[in-house]
Every structure is written in C-alpha cells, then in structure tokens.
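The values are calculated or read from the model by the stated rules, or taken from the named source; none is laboratory data. As the structure is a computational prediction, the values presented were derived from the model and not from experiment. Here the Cβ is made from the backbone with ideal geometry for all residues, glycine too, and neighbour counts use every protein chain on show. Note: accessible area is taken over every heavy atom of the protein model, side chains too, but ligands, DNA and RNA are not part of it. Shrake-Rupley method; radii C 1.70, N 1.55, O 1.52, S 1.80 Å.
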Amino acid sequence: MIARETLSPADRPLLFFDSGIGGLSVLAATRSLLPQAPIVYAADSAGFPYGTRSEADIAARVPALLGRLAERYDPRLIVVACNTASTIALAAVRSALDLPVVGTVPAIKPAAALSRTRVIGVLGTEATVRQPYVDELARAFAADCRVLRHGSAALVEMAEAVLRGEDVPDAAYADVLAGLLDQPGGDRIDVVVNACTHFPLVEAQLKRAAPRPLHFVDGSAGIARRVQALTADQAWPASPRANVAVFTRRDAVTARLEPALAGYGLSRIETL
C-alpha cells in the first residue's frame, strides 16, 4: 500500500478507474504525454462488468469506491476511465471528492467531424448507449447525422479475454459489428464511436472483422490532453517509481491479467 503520509506533492499519482481493464486504453494515451507520472490503476473486478448493472447500482457503487481509493492513494487527479461510470456517476463523484475528476464520454463530436455519409455508429455497453447523455451529445454535436447505437456486453468480455492472452475468433467481432451495421441505415455507417474504453484495446480486431473499411474513434487522446492541461504546472518525480494496479477482488482471472498489466507499466498488484 502507498501510505498517504509518505507522498510528496511530486509523488502523488494519477488514479485511473474502470470496472475492468478497459481504462488501460486511456492510461496508454496519457502516459504517452506524461511518461513520468506516477500511476495507480484501479479495476472494480468485484463489480465487473458495469454495462449490465443498473443505473442505481452504479450510481451508489462508484462514488463510494473512489472515496476509498482517494483515501488510500492520495491522487492528485482521478480519471474515470469508464464510459458507463462517467455517464451515470460522474457528477456524484465530483461532488463527493475535493480534487479534479476527469470523465469519459462517447466521442460523438469527432465522429461527426469525420463522417462523410452523416451516419454514425455508437458501440458501447448496454448501460451507456441507453443514457440520455448520449442523446444530448448527438443533438449538440451531430444534429445533422443519424446516430445508430448498439450495446455489447460480449465485446467487453472479449477485450478482457484478449488481455488474458486468450484467442477470440474474428467471427465473434463480426457478430458484434453486425448488431450495429445490420440495423436499418447501418449500411451507410462510415464512422464508429468506441464508446467503451475496452473497445479500443481490440480496435485492430474490429477493423479486420468489419465487412468494409470503417473509421473507429474514441476519447482517449482528448482525455490525455485534458489531464496534461490540468497538471501542467505540477512537479513529477525525479526518478521512475513502481506503478500500481489495484483490484477490488483478486482471483485466478485477475492473475491472468498481470502480464498485460506489466506491459502497461503496472508492476505492483494490490487489493482494495
């Protein structure tokens, strides 16, 4: 455990939070801009997956967990690297914690800027794609576009499986895409929003399985730039330190993720 009282201002970490390992896509983008930043990556493995949970459950669970994580790790900033948690609980988290909190929202604005057909697909969890916030983003940034949505719990599990070193056949990715592309008007989709942080981790597989060339966009680069801006005047450690992955439950499944976590610079594994 990182003890709060031992941390100098420069040693206070950035804390990334997700239900599983999807937030690694946001972590990777942030580390490319801030390679010296100390990192704590928190995965709510005991609550995984969020996409099939109720809004009430997520709204109660996420602020409570982030309060415990903030107390233990004393972060300088928290990134809620989960679209489902952000669209449901971000306001409550910000109200509860006295530190900057950066959320994750579907990248509908950049998708609309890229689309030539003016038909956009939003691929997320079931909980994310049904949120009114997605309607608000579409009205604000893609008013001249048709926005089709598909929620896939299977793709979340597939991304986790890939990070555990398991093989997932291309046909499984094709089935997920069919849920979006086979909708009325789906044949005109030219840009797909990866509206779950897990999905960029398997973007190459999605492109390979797609029946035609598609652009995939997500919000990780924008989140990284926001974190960089919020920490622009802050000090960082003079030498690298061990970055931490923390689970709310550790078992054989999370153990198989440890090699992948090490590849993202997360060499210490802890349990909340």
- Only residues in region 138-164 that are free of Cβ contacts under 8 Å to residues at least 12 places away in the same chain count as the first member; pair them with residues that are open to solvent by less than 50 Å² (accessible area, probe 1.4 Å), Cβ under 7 angstrom, at least 6 apart or cross-chain, and list the lot. 161/168
- Note on the structure: In region 238-272, residues that are open to solvent by 20 Å² or more (accessible area, probe 1.4 Å), assigned to a loop (DSSP other than H, G, I, E, B) and in contact (Cβ under 8 Å) with a residue 60 or more places away in the chain total 11
- Task: Among the candidates 37, 43, 28, single out the residue that is open to solvent by 20 Å² or more (accessible area, probe 1.4 Å), of a type in the set (A, V, I, L, M, F, W, C), in contact (Cβ under 8 Å) with a residue 24 or more places away in the chain and under 20 Å from residue 260 (Cα atoms).
- Result: 28
- Task: Restrict the check to region 64-74 and report whether at least one residue is part of a helix (DSSP H, G or I), hydrophobic (A, V, I, L, M, F, W, C), under 30 Å from residue 152 (Cβ atoms) and open to solvent by 20 Å² or more (accessible area, probe 1.4 Å).
- Result: yes
- Query: What are the residue pairs meeting all of these: first residue in region 55-82, first residue at positive phi, second residue loosely packed, with under 14 Cβ neighbours inside 10 Å and part of a helix (DSSP H, G or I), Cβ atoms under 6 Å, and 6 or more apart or on different chains?
  - Reply: 74/4
- Message: Just to verify a result, which residue in region 108-127, among those that are surrounded by 24 or more Cβ atoms within 10 Å (Cβ to Cβ) and in contact with a helix residue (DSSP H, G or I) (Cβ under 7 Å, 6 or more places away or on another chain), is nearest to residue 157 (Cα to Cα)?
- Response: 125
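Anything in region 139-155 that is in a helix (DSSP H, G or I) and open to solvent by less than 20 Å² (accessible area, probe 1.4 Å)? List them, or say none.
155
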- Message: Just the residues that are modelled with pLDDT under 95 and open to solvent by less than 40 Å² (accessible area, probe 1.4 Å), please, taken from region 228-237.
- Response: 237
- Query: Would you call residue 225 surrounded by fewer than 16 Cβ atoms within 10 Å (Cβ to Cβ), among the basic types (Lys, Arg) and part of a helix (DSSP H, G or I)?
  - Reply: yes
- Item | Unmet criterion (only one of (1) polar (S, T, N, Q); (2) in contact with a strand residue (DSSP E or B) (Cβ under 7 Å, 6 or more places away or on another chain); (3) closer than 21 Å to residue 86 by Cβ) for residue 183 | (3)
- Task: Assess whether residue 209 counts as being small (Gly, Ala, Ser) and either loosely packed, with under 15 Cβ neighbours inside 10 Å or over 20 Å from residue 76 (Cβ atoms) (or both).
- Result: yes
